[in-house]
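**Student:** Got a structure for you, questions after.
The values are calculated or read from the model by the stated rules, or taken from the named source; none is laboratory data. Since we're looking at a predicted model, the values are computed, not measured. Note that we place each Cβ from the backbone using ideal geometry, even for glycine, and neighbour counts take in every protein chain shown. Side chains are part of the model used for accessible areas, which takes the heavy atoms of the whole protein and leaves out ligands, DNA and RNA. Shrake-Rupley method; radii C 1.70, N 1.55, O 1.52, S 1.80 Å.
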Amino acid sequence: MRYVFIINPTAGKGKGPESLPPMIKKAFEKREEDYKIIITENAGDAEVAAKNEAMLGDEVCIFACGGEGTCFEAVNGIVGLDNVTLGVLPCGSANDFLKFFGGKDEFLNLDNQLEGSDIYLDLIKANDFYSINQCSVGMDAMVADDMKLFKKLPLVSGPMAYNMAVVKTFLRKLGISIRIKIDDKYLGLKRCLFAVCANGPVYGGGYISAPEADPRDGKLEFLLVDRISRFRVPSFLKVYSSGMQHKKKYVTMGKCETMEIEADKPISVNLDGEIFHSKTVRFEIVKKAIKFRLPCTLAQREPEFIGAKNK
């Protein structure tokens, strides 16, 4: 197998990516496989690079070396191509998707990854894009939009940027009016604080929005939060961060395969931290859509990750 490492030099404020090239070179000194390092310069470069390498047709493992944005681009570059495995070397401030597997630690050891196993994971299709972790509209999407700005500030971590974005959004008019259809059930016009469709359980630097989400089970977990007064939002976010929001009467959660949303004017749509704007969006599960590299120690210690759901 050939290996390609697509490195975002600005991920995590550049503190992690600068150490990757020498680490990669050392890891391949005693290995016979070919490898390539690509350093991105602009937004979209990771998607283009991933697609170009995948289209060569040979068996290749493409590592997204960065945060959620780098992974999002790589996913959209390789989706639908059977010869490609997606790997992640986490250098971002959060890398929330990896929290489904226990966090970053297992993924930071490159030798561990090179000896790993490939498993199939689901993706979320959102109009013309693909997301590996979570999609949302409403307050959440506004927060994700602002979070990208705050993360550029010195000494601001991913969780800190998220909380700063929450405060900014909190000062705006809260809630959006949207028409929602979940699978075959039309819910009509809803005034929501936000709505989430999830493939993985964690986002926003640590908020457990979808505790039951599993990227191997062929289902999405959805979350609908009715509009509440701004004075109740801080207490709700505290509950939300711990994954206990299902206890609130104004929260609806469940499993689905599709969620369709329509608004009268363009709204912010969050896909793994990337934002686009549209009046309509359809989230749908794409089962076993991508091969994913699982570090060998994780596969050995947690064999269920490569169990029947991935066969």
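**Student:** Of (1) 1.01; (2) 1.09; (3) 0.97, which is the value of Rg/Rh (Cα atoms, Kirkwood Rh) derived from the coordinates here?
**Tutor:** The listed entry that was calculated here is (3).
**Student:** What's the FRET efficiency of PHE28 with ASN83 using the Cβ-Cβ distance as r and R₀ = 22 Å, to the nearest 0.05?
**Tutor:** Calculated transfer efficiency: 0.60.
**Student:** Roughly how many whole Å is it from the C-alpha centroid of the stretch 234-277 to that of the stretch 45-73?
**Tutor:** 28 Å
**Student:** For ILE39, enumerate residues with amide H under 5 Å from its amide H, sequence gap 5+ or separate chain, H modeled in the peptide plane.
**Tutor:** Those qualifying (amide H under 5 Å, at least 5 residues apart or on another chain) are ILE7.
**Student:** Carbon and sulfur: what percent of the stretch 1-60's accessible surface (1.4 Å probe)?
**Tutor:** Carbon-and-sulfur percentage of accessible area, whole number: 50.
**Student:** Then there's this: So which of LYS51/LYS291; LYS255/LYS287; LYS99/LYS287; LYS219/LYS288; LYS125/LYS291; LYS104/LYS219 end up more than 18 Å apart by C-alpha?
**Tutor:** As for pairs spanning more than 18 Å Cα to Cα, those are LYS99/LYS287; LYS104/LYS219.
**Student:** In Å², what does the accessible area per residue of the chain work out to with a 1.4 Å probe?
**Tutor:** Accessible area per residue, the chain: 45 Å².
**Student:** What stretch of the chain, leaving out the sites themselves, is the longest with no chymotrypsin sites (Phe, Trp or Tyr not before Pro) in a DSSP loop having at most 16 other Cβ atoms within 10 Å?
**Tutor:** 29-230
**Student:** A follow-up question, please. Where does the chain land at 222 nm, in deg cm²/dmol rounded to the nearest 500, when only DSSP H runs of n ≥ 4 count, each adding -39500 (n - 2.57), divided by all residues?
**Tutor:** Dividing the helical sum by the residues of the chain leaves -7000 deg cm²/dmol.
**Student:** Follow-up question, since we're still on this one. Of all trypsin sites (Lys or Arg not before Pro) in the stretch 1-57, which ones are in loop regions per DSSP and have a Cβ with at most 15 other Cβ atoms within 10 Å?
**Tutor:** Hits after loop and neighbour filter: LYS15, LYS30, ARG31.
**Student:** Shifting gears a bit: How about the stretch 1-101: which GluC sites (Glu not before Pro) there lie in a loop by DSSP and see at most 14 other Cβ atoms within 10 Å?
**Tutor:** Passing both the DSSP loop test and the Cβ count: GLU29, GLU32, GLU33, GLU41, GLU59.
**Student:** Before anything else, pin down the relative contact order of the stretch 211-311: Cα pairs under 8 Å, at least 6 apart, normalised by residue count, whole percent.
**Tutor:** Dividing the mean separation by the residue count of the stretch 211-311 yields 27 percent.
**Student:** Continuing with the same structure: Which one of VAL202, ILE228, LEU89 has its Cα pushed farthest toward the positive end of the charge dipole of the chain, where Lys and Arg give +1 and Asp and Glu give -1 at the Cβ?
**Tutor:** ILE228
**Student:** Once the other residues with Cβ under 14 Å from the Cβ of LYS249 are scored (Lys, Arg +1; Asp, Glu -1), what is the net sum?
**Tutor:** Residues close to LYS249 contribute a combined charge of +3.
**Student:** Please state the charge dipole magnitude for the chain, taken about the Cα centre, from unit charges on C-beta atoms (+1 on K and R, -1 on D and E), reported in debye and rounded to the nearest 20.
**Tutor:** 1580 debye
**Student:** Accessible area, 1.4 Å probe, largest first: how do MET259, MET142 sort?
**Tutor:** Result, largest first: MET142, MET259.
**Student:** On the protein heavy atoms, probe 1.4 angstrom, tell me the percent of accessible surface of the stretch 178-256 carried by carbon and sulfur.
**Tutor:** Ligands and nucleic acids excluded, carbon and sulfur give 53 percent.
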